[in-house]
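Chemist: So that we are looking at the same thing, I have put the structure below in structure tokens.
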Amino acid sequence: MLTGSAELANELKTLRKGRGLQTARLTDQVGPLLLQLCGAAGTENTAAIRDRLSERLRILSDRLPEDLRLAVTIALGLHPDTKQPFLQDRVQFLADLQKRDVRTIRRRMDEGFDLLAEMATKPDETAVRGSGLDWYIDRVEAILRMDKPSPVCFERRRIVAERDGLDQIQVMFTLPRDQHRAADEHDLYAELSFGATLLATDRKSDNRFDFQLGLPEPLATGDRHEYGMRWGVPPNQPMRTHYVFFPDRRCDEFRLRIRFDRDRRPSTVWRVTEVFHREIDDNRPTDDLLTIDKAGEINLLFRDLRPGHGYGAQWLPD
């Protein structure tokens, strides 16, 4: 369990010196609480620690108010527009950007670090990290192809073990039946692309499919592992007009790309964030409308997902 809000804030304030997260000797500036925060053991190389820490701090900073989020990411060198080699230059950059004096910017940076450390060490945050479910999801990347004769989804997941000896996991996929084809056959096919073997398939209900996967090697606590699956709908079987991911455990990041047929684009597409199953059934557009690009695609990113809530996209046919 991560404890010590003031100590973590001090480690963050040390990390911001020089080039921040972009410093060449990063391990000299990263304290033990920051290593614990990103799940690193301290034996990883500098690049691995930089990637893990950058990812975790981005997720946490997204919860901050906008002015503090900007102050924290610029101070640490996480912001794409900050490549200055010294903290004082980044402070001046933000002062010029927001038309504030340097002392105000420094106060905001300190306030942002204090609040970020408080969020990282409060009980509900660590409780999610220690879910008691053996493993959690670090990242999900899904590509849904709606421009094929039948919908197909390519999914890549990175999981993190929360106990030693983890050698199997169970994943669930729900495929709601088309309401206008209630009497027709309703099925789903799945195959492993890499990183695991399919041990068993259990159809829990008409809509829910559970898959037992075997990992290549047992994982130790904190180990990360990637695997890929391909999901598909049989030919001529219609699919409901949404793709929504409902994590059943902690999930830090979900990236979704949907590629529509450019000759049969939906009339309306909207983003779905933190909804319940019943809200999906309403199929009513929200104000968070999405624009399909010239390739016929939409791209979405969600961070720090709440278990039991849905994230993704819905659309209305043309």
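Chemist: With the checklist (1) buried (at least 16 other Cβ atoms within 10 Å of the Cβ); (2) at pLDDT below 90 in hand, flag the one item GLY20 doesn't pass.
Modeler: Only one criterion is unmet by GLY20, namely (2).
Chemist: For the stretch 32-53, check the following and say yes or no: at least one residue is out of contact with any Ser or Thr (no Cβ under 7 Å at 6 or more places or on another chain), free of Cβ contacts under 8 Å to residues at least 24 places away in the same chain, within 22 Å of ASP223 (Cβ to Cβ) and among the basic types (Lys, Arg).
Modeler: Yes, the stretch 32-53 contains at least one residue that is out of contact with any Ser or Thr (no Cβ under 7 Å at 6 or more places or on another chain), free of Cβ contacts under 8 Å to residues at least 24 places away in the same chain, within 22 Å of ASP223 (Cβ to Cβ) and among the basic types (Lys, Arg).
Chemist: Inspect the stretch 302-310 for any residue being among the small types (Gly, Ala, Ser), under 22 Å from ASP138 (Cβ atoms) and either open to solvent by 80 Å² or more (accessible area, probe 1.4 Å) or modelled with pLDDT of 85 or more (or both) and give the result as yes or no. So that I can check it myself, show each step before the final result.
Modeler: We begin by selecting, within the stretch 302-310, every residue among the small types (Gly, Ala, Ser); these are 308, 310.
Those left that are additionally under 22 Å from ASP138 (Cβ atoms): 308, 310.
With the extra rule that they be either open to solvent by 80 Å² or more (accessible area, probe 1.4 Å) or modelled with pLDDT of 85 or more (or both), the set shrinks to 310.
So far as the stretch 302-310 goes, yes, one or more of its residues are among the small types (Gly, Ala, Ser), under 22 Å from ASP138 (Cβ atoms) and either open to solvent by 80 Å² or more (accessible area, probe 1.4 Å) or modelled with pLDDT of 85 or more (or both).
Chemist: Okay, next question. For a quick check of your reading: which helices (runs of 4 or more DSSP H) sit entirely within the stretch 32-78 and have at least 1 residues that are modelled with pLDDT of 80 or more, among the aliphatic types (A, V, I, L, M) and open to solvent by 50 Å² or more (accessible area, probe 1.4 Å)? So that I can check it myself, show each step before the final result.
Modeler: Working: elements: 32-37, 46-61, 66-75.
Where helices (runs of 4 or more DSSP H) fall fully within the stretch 32-78 and carry at least 1 residues being modelled with pLDDT of 80 or more, among the aliphatic types (A, V, I, L, M) and open to solvent by 50 Å² or more (accessible area, probe 1.4 Å), they are 46-61.
Chemist: Report yes if some residue within the stretch 279-296 is open to solvent by 70 Å² or more (accessible area, probe 1.4 Å), free of Cβ contacts under 8 Å to residues at least 60 places away in the same chain, in contact with a Gly (Cβ under 9 Å, 6 or more places away or on another chain) and farther than 18 Å from ALA142 by Cβ; otherwise report no.
Modeler: Yes: one or more hits.
Chemist: Can you find even one residue in the stretch 2-10 that is among the hydrophobic types (A, V, I, L, M, F, W, C), outside any helix (DSSP H, G or I) and surrounded by 19 or more Cβ atoms within 10 Å (Cβ to Cβ)?
Modeler: Restricting attention to the stretch 2-10, the residues satisfying the condition of being among the hydrophobic types (A, V, I, L, M, F, W, C) are 2, 6, 8-9.
Adding the requirement that they be outside any helix (DSSP H, G or I) leaves 2.
From what's left, surrounded by 19 or more Cβ atoms within 10 Å (Cβ to Cβ): none.
Within the stretch 2-10 (the criterion being among the hydrophobic types (A, V, I, L, M, F, W, C), outside any helix (DSSP H, G or I) and surrounded by 19 or more Cβ atoms within 10 Å (Cβ to Cβ)), the answer is no, since none of the residues qualifies.
The values are calculated or read from the model by the stated rules, or taken from the named source; none is laboratory data. Nothing here was measured: the structure is a model prediction, and the numbers come from that model. Cβ coordinates were reconstructed from backbone atoms using ideal geometry, including for glycine residues, and neighbour counts include every protein chain displayed. Just the protein is used for accessible areas: all its heavy atoms, side chains included, with ligands, DNA and RNA removed. Shrake-Rupley method; radii C 1.70, N 1.55, O 1.52, S 1.80 Å.
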